[in-house]
1. Any idea which of (1) surrounded by fewer than 16 Cβ atoms within 10 Å (Cβ to Cβ); (2) within 30 Å of I8 (Cα to Cα); (3) modelled with pLDDT under 95; (4) of a type in the set (G, A, S) is the one S158 doesn't satisfy?
2. Taking the range 221-242 only, how many residues are in contact (Cβ under 8 Å) with a residue 12 or more places away in the chain, closer than 16 Å to M195 by Cβ and either surrounded by fewer than 21 Cβ atoms within 10 Å (Cβ to Cβ) or more than 18 Å from the chain's Cα centre (by Cα) (or both)?
3. Select from the range 243-256 the residues that are open to solvent by 10 Å² or more (accessible area, probe 1.4 Å) and within 14 Å of the ligand (Cβ to nearest atom) and list them in ascending order.
4. Can you work out which of the residues in the range 298-336 that are among the acidic types (D, E) and closer than 14 Å to S348 by Cα is most open to solvent (accessible area, probe 1.4 Å)?
5. For G259, only one of the following conditions fails: (1) within 15 Å of the ligand (Cβ to nearest atom); (2) open to solvent by 10 Å² or more (accessible area, probe 1.4 Å); (3) without any contact (Cβ under 8 Å) to a residue 40 or more places away in the chain. What is its number?
6. Using the structure shown, decide if F175 is in a helix (DSSP H, G or I), farther than 15 Å from N119 by Cα and open to solvent by less than 20 Å² (accessible area, probe 1.4 Å).
7. Can you confirm whether the range 249-260 contains a residue that is at positive phi and at pLDDT 95 or above?
8. Does S163 satisfy being open to solvent by less than 10 Å² (accessible area, probe 1.4 Å) and hydroxyl-bearing (S, T, Y)?
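The values are calculated or read from the model by the stated rules, or taken from the named source; none is laboratory data. The structure displayed is predicted, hence computed values, not measured ones. A quick note on method: Cβ atoms are made from the backbone with ideal geometry, for glycine too, and the neighbour counts reach across all protein chains shown. When the accessible area is computed, the model is the full protein with side chains, heavy atoms only, and any ligands, DNA or RNA have been set aside. Shrake-Rupley method; radii C 1.70, N 1.55, O 1.52, S 1.80 Å.
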Amino acid sequence: MPHKVTLIKGDGIGPEIAKIAQKVIDATGVKISWDEAEAGIDIMEKEGTPLPEKTLESCRKNKVALKAPVTTPVGTGFRSVNVALRQQLGLYACVRPCKSYEGVRSRYNNIDLVLVRENTEDLYAGIEFEKGKPETQKLINTIKELGGKKIKDDSGISIKPISVSGTEKIVEYAFQYAVANKRKKVSAIHKANIMKFTDGLFLSTARAVAKKYPQVEFNDVIVDNMTMQLVQKPELYDVLVLPNLYGDILSDLCAGLVGGLGVAPGANIGENGMAVFEATHGSAPKYKGLNKVNPTALILSGMLMLKHLGENKAAEALENAVKRVIRSGKDVTYDMKPDRNDPSAVGSKEMGEAIIKELAKS
Ligand code: NAD
């Protein structure tokens, strides 16, 4: 029986890299029945919503999806499709492995970090009050009445909820991931010294969960210190567990440590096997249709998907094929060349084909 997988093609560079990743994954020999679905600004024009119900239905039915990036226009219309998808499907954990591959241009060659980002709470929960709206004024007045500080009347407000239950779930996931993947240490990242009732709660809850896993080392680091530590001595860290916003920011930092967004894959994990795999990068609209961007991050997200489907051998073969193409440095996109204007850089499709050729050798 083939595995049933929803393929969300996204917008911007999404559709082109989705097609390449699909072809490469099929070339592993794993039988997949792809259910193609739409999300993003292109479908918004046709259907009036960037996240059609039938896309959500397909994900719920198949439980596993590979998703290309989707644009979130700033300050207009709809909120983020990515945030909506995570909330609608209960994808509470975002797992982003950041690993050095030989041949990738980077200041470091020894990175092997995994970020586990909480996906549903924090400033990302989407609870916002616009400047000048009556409900915003009401909130400002209520906060003042409750003994809080005076907030300026011309403020916009975003709410930061962090719960014990949400934190327990993500920290449990981080420890279970560490145990299953033979990782030695989990670090909880926070700003508990300043945000005592949100990050403070995250930290005390993380400490309580950590007690259940004495075989895994645990420590905590304040987020600003963590950014410096990651730049100076990333080798000291292993699995990082973070609230949503710090997770978002540090994911890009860690992608930078291993050579950029072109090689940073990710997985969004929910209950009962529900999972959506996607690259860390966005829809890079300026490169749309140019056959230029690096398809590796989405292909490696496909590799994580194969592992999730229990196709470990195929996943390993795919990762090795990607490694060989990157190591050779020949059939790679512009971002992996020493000079970004290197005329020998190949297009996205050609890099995908090189990976397929390598797969055929394994
Ligand atoms: P981006 O990741 O799309 O692009 C930033 C820059 O990174 C690009 O200009 C390009 O130089 C480089 N880059 C990104 N992907 C690359 C690749 N595969 N190969 C080579 N270089 C690559 O980030 P952005 O410009 O901040 O966001 C564009 C849109 O994507 C926004 O609307 C944003 O909200 C959205 N976004 C979506 C997702 C998602 O769908 N999961 C994630 C992040 C951002």
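1. That leaves (3) as the condition not met.
2. Looking only at that region, the number is 5.
3. Restricting attention to the range 243-256, the residues satisfying the condition of being open to solvent by 10 Å² or more (accessible area, probe 1.4 Å) are 245-246, 248-249, 252-253, 256.
Those that are open to solvent by 10 Å² or more (accessible area, probe 1.4 Å) and within 14 Å of the ligand (Cβ to nearest atom): L245, D248, I249, D252, L253, G256.
4. If we filter the range 298-336 for residues that are among the acidic types (D, E), which is where we start, we get 311, 316, 319, 331, 335.
After this cut, where a residue has to be closer than 14 Å to S348 by Cα as well, the list is 331, 335.
Values: D331: 52, D335: 25 Å².
So, considering only residues that are among the acidic types (D, E) and closer than 14 Å to S348 by Cα, the one most open to solvent (accessible area, probe 1.4 Å) is D331.
5. Every listed condition holds for G259 apart from (3).
6. Working: in a helix (DSSP H, G or I): yes; farther than 15 Å from N119 by Cα: yes; open to solvent by less than 20 Å² (accessible area, probe 1.4 Å): yes.
Yes, satisfied.
7. As a first pass, look at the range 249-260 and keep what is at positive phi: 259-260.
Next, from what is left, pick out any that are at pLDDT 95 or above: none.
Taking every residue of the range 249-260 in turn, none turns out to be at positive phi and at pLDDT 95 or above.
8. On the way: open to solvent by less than 10 Å² (accessible area, probe 1.4 Å): no; hydroxyl-bearing (S, T, Y): yes.
Criteria not met by S163.
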